[in-house]
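Novice: Before I ask anything, here is the structure I am working with.
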Amino acid sequence: MSFDIAAIRAQFPILSRQVHGKPLVYLDNAATTQKPQAVIDALVRFYSECNSNVHRGAHYLSDEATRRYEHARDVVANFLNANRREEVIWTSGTTEGINIVAKGMAERLQANDEVLVTELEHHANLVTWQQACKKAGATLKVAPILNNGALDQAAFAALLSSQTAFVAMPHVSNALGTVNPVQALTRTVREKSPRALVLVDGAQGVAHGDVNVQSIDCDFYAFSGHKLFGPTGVGALWGRYSVLEDWPVWLTGGEMIASVSYQDATWGALPNRLEAGTPNIAGAVGMAAAIEWFSALPLVEVKQHEAQLIERAVALGEEFDGLTLVGNAPEKIGVYSFNLNGIHPADVGFILDRQGIAIRTGDHCAQPLMKRLGVPGTARASFSIYNTIDEVEQLFIGLRKAKEMLS
């Protein structure tokens, strides 16, 4: 597939609708991406042709549903460059994936252990580790950022020690768009804290480029389907097989057992042991369709296009009197977070919405990060592959109107 922005936009039905009588300008992609027709069709086909529960059925529909569901696991494994398909665990999204790891780690942490996170964390990758450390009596440490929103890599390295048992970090900050050098950071962890396990929160990183868990050399990578043009309510946790094969179970029930008596039970092999109950079968099929659609795009051109969107936003922001950019790390993608001097972000969002422009306002589930930056929250425009330079310019036309109305 060539990168033709008009042809790509035509595949997203929602982009043709109007909001408040104005053409929709959708700039809330860090919260969720829109869905191409290929994904919508995959969901409709599943429910229309072979809706059934998987694995245990003794009939044709169940066999077909199982084939589509397990094919989706293969698609995810190939997409991440996993060594084994059993390393892919279906979840409801990034948050559940991180919780699976954190709940298991809480059973293994000792009182003198340390867990290292960063100041860039979404609450899903902060509160979970905060609570795991409280349960185990371990210590949570936080690697600081620089004033431009980039991770302080020297401070990160200095916080690692023989006591570090776990490191969790975002691939890309949802609030600032900062891209972490996860491969280099993992290498530093391996050198300074060889026993530590590493988790990458890939919620924001997965839709902006190729993710290779072998190159990153992490132990866990979690992401959500809905931020990758797929359905809501489904995601995947990749884990290194040698780590996952005896990981503490997350939920108990059907599918995940090997044997059960009234007195005891034993757990099955991966991936079943971490996938109790009926899964989101249609969601997995839809996520596979999204990955196959996305993977057909020319990645180099996708990255160039997204870089141009951010560059244009930064350039227009520099010309906009009274606008303060929040987060300007050298490596940044997808997110333009800002404030208009003297105007509450929520008011900015309201005025933009009346012009058909969808952004997000608030603390973006990153309250400690906002406190570190000295702001209660920001207005956040976030871009995806179907956004255009014209839409970036429409954003700033809208901001000028907001400033006129609210100043």
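Any read-out appearing in this document is the output of simple, stated calculations on the displayed coordinates, not a laboratory observation. All of these numbers come straight from a predicted model, not from anything done at the bench. Please note: Cβ atoms are built from the backbone with ideal geometry, for glycine as well, and neighbour counts cover all protein chains shown.
Novice: Which GluC sites (Glu not before Pro) in the stretch 80-139 sit in a loop by DSSP (not H, G, I, E or B) and have at most 16 other Cβ atoms within 10 Å of their own Cβ?
Specialist: Glu107
Novice: Using bins 5 angstrom wide from zero, how does P(r) for the stretch 7-131 break down, in % of all Cα pairs?
Specialist: Bins of 5 Å from zero give 2, 8, 11, 13, 14, 15, 14, 11, 8, 4, 1, 0 percent of pairs.
Novice: A follow-up question, please. Can you sort Ile357, Ile333, Ile310 so the residue with the fewest Cβ neighbours within 10 Å comes first?
Specialist: Ranking Ile357, Ile333, Ile310 by Cβ neighbours within 10 Å, fewest first, gives Ile310, Ile333, Ile357.
Novice: Given only helices, namely DSSP H runs of n ≥ 4 each adding -39500 (n - 2.57), what is the per-residue ellipticity at 222 nm of the chain, to the nearest 500 deg cm²/dmol?
Specialist: -12000 deg cm²/dmol
Novice: For the stretch 104-189, would you read off the P(r) tail past 15 Å as a percentage of all alpha carbon pairs?
Specialist: 55 percent
Novice: If you don't mind, another one. Can you tell me which aspartates and glutamates have their Cα less than 12 Å from the Cα of Lys227? Leave out same-chain residues fewer than eight positions away.
Specialist: Candidates past the 8-residue exclusion: Asp28.
Novice: Fewest first, what order do His59, His226 take by the number of other Cβ atoms within 10 Å?
Specialist: His59, His226
Novice: Based on other C-beta atoms within 10 Å, arrange Thr266, Thr388, Thr186, Thr91 from fewest to most.
Specialist: Thr266, Thr388, Thr186, Thr91
Novice: A further question follows. Roughly how many whole Å is it from the C-alpha centroid of the stretch 109-160 to that of the stretch 179-254?
Specialist: With the stretch 109-160 and the stretch 179-254 each reduced to a Cα centre, they are spaced 16 Å.
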